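Encoded as structure tokens, the structure appears first; notes follow it.
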Amino acid sequence: MSVKVRFAPSPTGFLHIGNARTAIVTWLFARKMDGHFLLRIDDTDRERSKEKYEMAIEDGLRWLGLNWDEKANQKDRMARYDEIIEKLKSDGRLYACYETPEELGLKRKTQLSRGLPPTYDRAGLELSEDQIKKYEAEGRKPHWRFKLNHEPIEWNDHIRGDVRYEGKDLTDPVVLREDGSPLYHLCSVIDDVDFEITHVVRGEDHVSNTATHVQMFEAISGKVPEFAHLSLIADAEGGKLSKRLGSLSVKDIQESEGLEPMAIVSLMARLGTSDPIEAFGDLKPLIDSFDFSKFSRNPPKFDTDELIRLNSKILHETDFSDVETRLHDMGLKDIDADFWKGVRSNLEKLEDIQQWWDIIHNPVAANMNEEDKSFTANAANLLPEGPWNENTWNEWIGKIKEATDRKGKTLFMPLRQALTGMDHGPELPVLLPLLGPEKTKQRLQG
RNA sequence: GUCCCGUUCGUCUAGGGGUCUAGGACACCGCCCUUUCACGGCGGCAACACGGGUUCAAAUCCCGUACGGGACGCCA
């Protein structure tokens, strides 16, 4: 049986870091298993679902490099949901309840204050004809719950191992709103059945939902998929993902933070696994090494510093051809492959390249003593006459070495200072051709 | 409040009773290479949450406590 998975975001906001992790892990599993990846937009909540979010989610996934084999929207499948709802009603698995949200809230409060778990008391199941008539006369409309069988529910989770719930400890989930619209639980299960999903991968906040879903799968198709529940990531202090991090969207990371997609993917694919967190330039090695058994049940801490670290590593190994367009878009048109190669190991984020571009194009302030100043001024006179290219540097340095007794740091540092005003940076042989003879001479002479 | 899951170097983790004076990766520190940065090489620092059991023997099994995460919606 071939693997089919789905990533099912609801378009009620941007793709945030936690979603992204689920998407990445699900995708890697699909590709590892040579399976099928379905992007399912869970837009049953018509009020909160927005098309702009749907677009942003797609953009985010594309930016991360996660392609999908198929896409579906729940809002297009309402007729199918109705069909199943009718079937479940006639099977006696759905029952009508007439409590208002306020009444339910009150019930919960009472249970809580008595130290009881706030589960539904199934009052709807015991309503007499008269009571129902009375409610209807009051203008009440029913919402419908799925009736759970009171029996053990078990599955072998790919991450959590054996999981067991007792049906009697769970609340019968509401699957149909008062207004007749179906809720997430049912839609999700129906879709998983219809799209023949073999593995449901999602966050551990869904574990108890899964227990009820298992019975829904059994009631609808008699077949239950496999499950993998990822632990949720925590912030660097080990607490709940803070507002800042929790709301850190893929869009922010891309636009405001200026990070490379593979930095995120590298981190999210390995965080919480026993594989080392390393910077990868492409998805292939992550696919190859993917295995659910490597995932821990602990909530791992997510640290943005780690993202930056991976980002610089990735940049240091990125080929010019992969950034050429972006550099041009930044207005840095005279950067070529040689310059890129010389400068990339000094970058943490791509935008840092601006600084080096400025150093070439705008005046710099050198920080040197008088002795060094006269040294660089003399060095200016030794500049080769010939064509100005990548050999210029070696030729020049050779001449300086002949003319003076400087070597090592005392030779190179003053030159670097005079030419760039910094004591670190890209290799000078690379900078020289970009600077050109005039600027070089000028700067050496102060 | 109830239920579920977890707790090993700063971080991600390996570990399923003796092979653990607890292994790896990243970070950090030092040295080497190097004009700087980066890369690479070598070395170092550094952890079993706590308390009780069980056992000849516990990081490993059991119970409790503490702490963290999750769930308990006519959200997904």
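Of all residues in region A:385-417, those satisfying the criterion of being modelled with pLDDT under 85 and crowded, with 16+ Cβ neighbours inside 10 Å are A:Trp388, A:Thr392, A:Arg406. Could you tell me how many of the residues in region A:1-31 are closer than 15 Å to A:Trp63 by Cα, among the aliphatic types (A, V, I, L, M) and without any contact (Cβ under 8 Å) to a residue 60 or more places away in the chain? Count: 1. Filtering region A:283-319 to residues that are more than 16 Å from RNA strand B (Cβ to nearest atom) and either part of a helix (DSSP H, G or I) or over 17 Å from the mean Cα position of the chain (by Cα) (or both) leaves A:Lys284, A:Ile287, A:Asp288. Applying the condition of being surrounded by 12 or more Cβ atoms within 10 Å (Cβ to Cβ) and more than 37 Å from the chain's Cα centre (by Cα) to region A:133-170 and asking which residue is farthest from RNA strand B (Cβ to nearest atom) yields A:Asn149. Looking at A:Lys284, A:Lys333, A:Lys301, A:Lys294, can you tell me which residue is in contact with a strand residue (DSSP E or B) (Cβ under 9 Å, 6 or more places away or on another chain) and without any contact (Cβ under 8 Å) to a residue 24 or more places away in the chain? Just one listed residue meets the conditions, A:Lys294. Per the conditions (1) more than 7 Å from RNA strand B (Cβ to nearest atom); (2) surrounded by 11 or more Cβ atoms within 10 Å (Cβ to Cβ); (3) within 27 Å of A:Val224 (Cα to Cα); (4) not β-branched (Val, Ile, Thr), the sole criterion not satisfied by A:Leu106 is (3).
Considering A:Lys284, A:Lys373, A:Lys333, which residue is surrounded by fewer than 17 Cβ atoms within 10 Å (Cβ to Cβ) and over 30 Å from A:Asp157 (Cα atoms)? Selected residue: A:Lys333, the only one of A:Lys284, A:Lys373, A:Lys333 that is surrounded by fewer than 17 Cβ atoms within 10 Å (Cβ to Cβ) and over 30 Å from A:Asp157 (Cα atoms). For region A:134-143, check the following and say yes or no: at least one residue is touching a residue at least 12 places away in the same chain (Cβ under 8 Å), assigned to a strand (DSSP E or B) and within 30 Å of A:Phe290 (Cβ to Cβ). No, region A:134-143 has no match at all. Restricting to region A:210-226, name every residue that is in a helix (DSSP H, G or I), out of contact with any strand residue (DSSP E or B) (no Cβ under 9 Å at 6 or more places or on another chain) and either under 20 Å from A:Val3 (Cβ atoms) or within 13 Å of RNA strand B (Cβ to nearest atom) (or both). Once the filter is applied, which keeps residues that are in a helix (DSSP H, G or I), out of contact with any strand residue (DSSP E or B) (no Cβ under 9 Å at 6 or more places or on another chain) and either under 20 Å from A:Val3 (Cβ atoms) or within 13 Å of RNA strand B (Cβ to nearest atom) (or both), region A:210-226 yields only A:Phe217. Residue check: A:Gln111 meets all listed conditions (1) under 40 Å from the mean Cα position of the chain (by Cα); (2) at pLDDT 95 or above; (3) surrounded by 13 or more Cβ atoms within 10 Å (Cβ to Cβ) but one, namely (2).
The values are calculated or read from the model by the stated rules, or taken from the named source; none is laboratory data. Quantities reported herein were computed from a predicted structural model and do not represent experimental measurements. No Cβ is skipped: glycine too gets one built from the backbone with ideal geometry, and neighbour counts run over all protein chains shown.
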